[in-house]
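A.B. asks: Sharing a structure here in structure tokens format.
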Amino acid sequence: MAIAAAASALEKGEIARRLSEARARTLDLVAPLTDEQLNRVYSPLLSPLAWDLGHIANFEELWLVQRVGDREPLRGELGRLYDAIENPRVTRNELPILRGDELRAYMDGVRARTLHVLEDVDLDDPSRPLLRDGFIYEMLIAHEHQHGETMLQLLQMVEDYEPVARNDGPELEPAAGGPEMVRIEGGSYEIGHNGGGFAYDNERGRHTVSLEPFWIDRTPVTNGAFAEFVADTGAEPPRYWEPDGAGGWTRTVMGSTEKVDPQLPVIHVDHSQAEAFAGWAGKRLPTEQEWEAAATGADRERANLDQISFGCAAAGAYADGAAASGAVQMLGDVWEWTSSDFAPYPGFEPFPYPEYSEVFFGPRHKVLRGGSWATRRNVARITFRNWDLPERSQIFSGLRCVKEDT
Ligand code: AVJ
Ligand code: FE
């Protein structure tokens, strides 16, 4: 009895510590901005940052205060303004959302109540599936981490944004050379989350698929290769590229313009650009199952994740985090477009709510895999399924190609 109580007290401390680490990161990201910048609409495709901040706090209130603690919300019906489904991005700035000091007070007020509820709650209550293995707390930490990446999408467009406090991460390994492609054996592969630790509903259940042998690019497609494709076909360049006037390209993000580095993975391409590149190269995009098979064994501790460098590492870097197949940078640097529609795995059950995954299933959304330099390390895993509209390129999206084994 005493031992059990001690164990769960410790777990509560760890949950509180991780919630507070996630919040510190969120606030670091927006620390250089004025209130005017937090409220400005930079793109109709992206919410103002003040909406993200309020949404992060409101989502926490909904799950960790109202659902877990059975308490009333601090600001009544406010929650509806922060419902991502009810409020499409274009409308979010016209909403009477919280701003300035009111916003900060709400974020702090919710967090204080979350910590009170956490003190009181019985994490081992067997009648509450939300609490099993700390699920709902893991979900909320991951949610805040994921919104950090969403905020960084917008921060790419902010003139003179200077990131503060970069996370520590593994030392950069020099880019290793190697073959252009590596071979993946045909056969049976286990796909999806294996049950231990946190995963979203859409990653379950683990199931067997049968794959034909194929080849996959050892590294993500580079800017150099993509520029050749653009030169050859007249295709649209990636978002944020401009001609440099001398036949090359520059790239402008966070208000700073640099020559496009041909060694870095290409980033900010949409699905049709990715598909067109693959076709031009005589290859195709992988299915998400092929991607996952090729990623087996990739080490997220040795990857350019977690906002350690606010940009990509050269293609071939972090070779000591390679997958068993020899493919490098499967995790980190850029999200990789796949040819797969976002669809339920066999036996899918929505948990804890259908609006997380289920409402997005169908041919409108394509799956991306692997995480980017902007993805918090906690969120990155081989089974994680990101999804987005194929026309979106403000996400940190790139690609690698596959071809049949002929
Ligand atoms: C998985 C990135 C598509 O941003 O819509 C955030 C993640 N879900 N809040 C999204 C998410 C709820 C989601 N994506
Ligand atoms: Fe959200």
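The values are calculated or read from the model by the stated rules, or taken from the named source; none is laboratory data. Computed from a predicted structure; not experimentally measured. Positions of Cβ are backbone-derived with ideal geometry, glycine not excepted, and every protein chain shown enters the neighbour counts. Ligands, DNA and RNA are excluded from the accessible area calculation, which covers all protein heavy atoms including side chains. Shrake-Rupley method; radii C 1.70, N 1.55, O 1.52, S 1.80 Å.
A.B. asks: Can you quote the Å³ per residue value for the convex hull of the Cα atoms in region 188-297, rounded to an integer?
C.D. replies: Convex hull of Cα atoms, per residue: 145 Å³.
A.B. asks: Defining a contact as two alpha carbons under 8 Å apart and six or more residues distant in sequence, what relative contact order in percent does region 111-270 show?
C.D. replies: The normalised contact order for region 111-270 reaches 20 percent.
A.B. asks: Taking the Cα centre as origin and putting +1 on Lys and Arg beta-carbons and -1 on Asp and Glu beta-carbons, what dipole magnitude results for the chain, to the nearest 20 debye?
C.D. replies: With only Lys, Arg, Asp and Glu charged at Cβ, the dipole is about 100 debye.
A.B. asks: For region 126-247, state what percent of all Cα-Cα pairs lands in each successive 5 Å bin, counting from 0 Å until the bin that includes the largest distance.
C.D. replies: Distribution as computed: 2, 7, 8, 10, 12, 16, 17, 14, 7, 4, 2, 1, 0, 0 percent.
A.B. asks: Taking a probe of 1.4 Å, how large is the accessible area per residue of region 194-305, in Å²?
C.D. replies: Using a 1.4 Å probe on heavy atoms only, each residue of region 194-305 averages 43 Å².
A.B. asks: Have a look at V110, V209, V65 and tell me which one the Gaussian network model of the chain (Cα, springs below 10 Å) gives the largest fluctuation.
C.D. replies: Result for the chain, Cα springs under 10 Å: V209 fluctuates most.
A.B. asks: Taking only DSSP H segments of four or more residues, each worth -39500 (n - 2.57), what value at 222 nm results for the chain once the sum is divided by all its residues, to the nearest 500 deg cm²/dmol?
C.D. replies: It comes out at -9500 deg cm²/dmol, rounded to the nearest 500.
A.B. asks: Suppose every Lys and Arg Cβ carries +1 and every Asp and Glu Cβ carries -1, with no other charges. What dipole size does region 164-230 come out with about its Cα centre, to the nearest 20 debye?
C.D. replies: That gives a dipole near 140 debye.
A.B. asks: Sort W63, W280 by accessible area with a 1.4 Å probe, largest first.
C.D. replies: Sorted descending by solvent-accessible area, the residues read W280, W63.
A.B. asks: Which one, L103, F360, G247, projects farthest toward the positive side of the charge dipole computed for the chain from Cβ point charges (K/R +1, D/E -1)?
C.D. replies: About the Cα centre, the residue reaching furthest to the positive side is F360.
A.B. asks: Measure off, as a whole percent, the carbon and sulfur share of the 1.4 Å-probe accessible area of region 61-117, all protein chains present.
C.D. replies: Using a 1.4 Å probe with all protein chains present, region 61-117 comes out at 49 percent carbon and sulfur.
A.B. asks: Sticking with this one: Accessible area per residue, 1.4 Å probe, Å², for region 308-406: what's the number?
C.D. replies: 31 Å²
A.B. asks: Hey, which lysines would be in cross-link range of K283, C-alpha to C-alpha under 19 Å, not counting anything within fewer than 8 residues on its own chain?
C.D. replies: Within the straight-line cut-off, K283 pairs with K366, K403.
A.B. asks: Hey, with R₀ at 56 Å, roughly what FRET efficiency would V90 and A176 work out to, going by the Cβ-Cβ distance, to 0.05?
C.D. replies: In this case the efficiency is close to 0.80.
A.B. asks: Express the relative contact order of region 187-283 as a whole percentage, based on alpha carbon pairs under 8 Å and six or more residues apart in sequence.
C.D. replies: Reported relative contact order: 23 percent.
A.B. asks: Share of region 279-406's accessible area from carbon and sulfur, percent, 1.4 Å?
C.D. replies: After summing per-atom areas, the C and S share lands at 53 percent.
A.B. asks: Which one of T287, Y318, Q307 has its Cα pushed farthest toward the positive end of the charge dipole of region 282-331, where Lys and Arg give +1 and Asp and Glu give -1 at the Cβ?
C.D. replies: The Cα lying farthest towards the positive end belongs to T287.
A.B. asks: What accessible area per residue comes out for region 75-165, rounded to a whole number of Å², with a 1.4 Å probe?
C.D. replies: For region 75-165, the per-residue accessible area is 48 Å².
A.B. asks: Further question on the same structure: At E162 and A231, where each label point lies 7 Å from the Cα along Cα→Cβ, what is the point-to-point distance in nanometres?
C.D. replies: According to this spin-label approximation, the distance is 3.6 nm.
A.B. asks: If you don't mind, there's one more thing I want to ask. Can you give the convex hull volume of the alpha carbon atoms of the chain per residue, in Å³?
C.D. replies: 149 Å³
A.B. asks: Counting only the heavy atoms of the protein chains, how much of R40 is accessible to a 1.4 Å probe, in Å² to the nearest 10?
C.D. replies: So the heavy atoms of R40 present about 100 Å² to solvent.
A.B. asks: Evaluate the distance, in nm, between pseudo-label points positioned 7 Å from the Cα of D101 and of R128 along their respective Cα→Cβ axes.
C.D. replies: 3.5 nm
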